[in-house]
């Protein structure tokens with residue numbers, strides 16, 4: 001029997017023909033015809049004046065599961081807000097941080113993480129807070145080294161709640177997500193057509209705005225505008241970081257109260273991945 005190259009080639013052609021004829025199902029029902037991923041957008045209130053908008057990229061058949069995950073994550077964030085709300089005199093943060101005496105105090109894991117984030121940034125910026133407070137995450141304790149400590153976690157709450165929501169969604173298996181929570185953003189994975197895009201907006205008038213959109217992967221961003229009456233040439237600060245939204249908000253809050261020159265140095269020293277400063281004339285100053 002001839003088993004040369006020509007004979008082997010003929011055998012292979014016959015086998016391929018048989019596969020195509022006898023097994024058409026494998027050609028038609030393969031991955032190419034599986035449902036494509038789509039954007040699914042969900043909105044949930046974390047507080048009466050704080051809404052979370054979550055975009056997930058997934059198979060449309062998973063919409064009910066996605067909706068359940070978003071509800072669970074935002075409810076978790078609401079529970080933490082109720083526990084730590086600095087504006088509530090009975091909250092844990094008010095009770096602990098209004099305590100002016102030196103000493104070590106037991107606190108919740110959530111408050112410990114917020115205080116540690118604030119302390120981490122303070123160390124990079126060489127702020128006085130470094131010598132005034134210590135946090136032990138393993139024991140969930142805070143130590144005040146002075147009776148005159150003044151610390152306000154309100155500017156960090158939104159960032160921390162955004163981190164919680166994003167972590168919960170990721171834990172539930174949603175790997176491609178975009179979260180917006182009152183000017184705080186967190187992106188995970190990719191949009192269905194590429195990178196996510198985070199807006200940085202300057203409101204030129206009541207009815208008009210000037211905006212840039214930044215393509216990002218796996219980053220958090222927070223925008224903080226200067227308060228009324230603040231003496232600064234900065235209109236707003238947007239910080240992008242891979243260290244979470246709480247860190248981004250902490251850095252932006254520290255920078256917005258300075259001037260443009262100091263803000264640039266502060267954010268570079270603080271480890272911002274990217275930052276955008278908008279001056280009082282509406283100019284966008286970007287780094288890099």
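The values are calculated or read from the model by the stated rules, or taken from the named source; none is laboratory data. Only a predicted model underlies this, so the values are computations on that prediction, with no experimental measurement involved. Cβ: placed from backbone, ideal geometry, glycine included. Neighbour counts: every protein chain shown.
Observations
- Looking across the range 105-125, the residues that are in contact (Cβ under 8 Å) with a residue 40 or more places away in the chain and farther than 15 Å from residue 153 by Cβ come down to 124, 125.
- Of all residues in the range 223-234, none are assigned by TED's automatic domain parsing to the domain that holds residue 163, under 20 Å from the mean Cα position of the chain (by Cα) and either surrounded by fewer than 17 Cβ atoms within 10 Å (Cβ to Cβ) or part of a loop (DSSP other than H, G, I, E, B) (or both).
- Residues of the range 160-195 classified as modelled with pLDDT under 95 and either in a strand (DSSP E or B) or not assigned by TED's automatic domain parsing to the domain that holds residue 75 (or both), total: 2
- Against the test of being buried (at least 19 other Cβ atoms within 10 Å of the Cβ) and at pLDDT 95 or above, the options 58, 77 yield a single qualifying residue, 77.
- Test: residue in the range 246-267 that is surrounded by fewer than 22 Cβ atoms within 10 Å (Cβ to Cβ), in a strand (DSSP E or B) and in contact with a strand residue (DSSP E or B) (Cβ under 7 Å, 6 or more places away or on another chain): no
- Scan the range 134-154 for residues that are in contact with a helix residue (DSSP H, G or I) (Cβ under 9 Å, 6 or more places away or on another chain), over 18 Å from residue 48 (Cα atoms) and not in a loop (DSSP other than H, G, I, E, B) and the total you get is 6.
- There is no residue in the range 129-138 that is under 21 Å from residue 79 (Cα atoms), free of Cβ contacts under 8 Å to residues at least 40 places away in the same chain, assigned by TED's automatic domain parsing to the domain that holds residue 197 and surrounded by fewer than 19 Cβ atoms within 10 Å (Cβ to Cβ).
- Among the residues listed as 38, 96, 28, the single one being modelled with pLDDT under 95 and out of contact with any strand residue (DSSP E or B) (no Cβ under 9 Å at 6 or more places or on another chain): 28
- Considering the range 167-218, the residues that are closer than 16 Å to residue 77 by Cα and without any contact (Cβ under 8 Å) to a residue 24 or more places away in the chain include one that is surrounded by the fewest Cβ atoms within 10 Å (Cβ to Cβ), namely 171.
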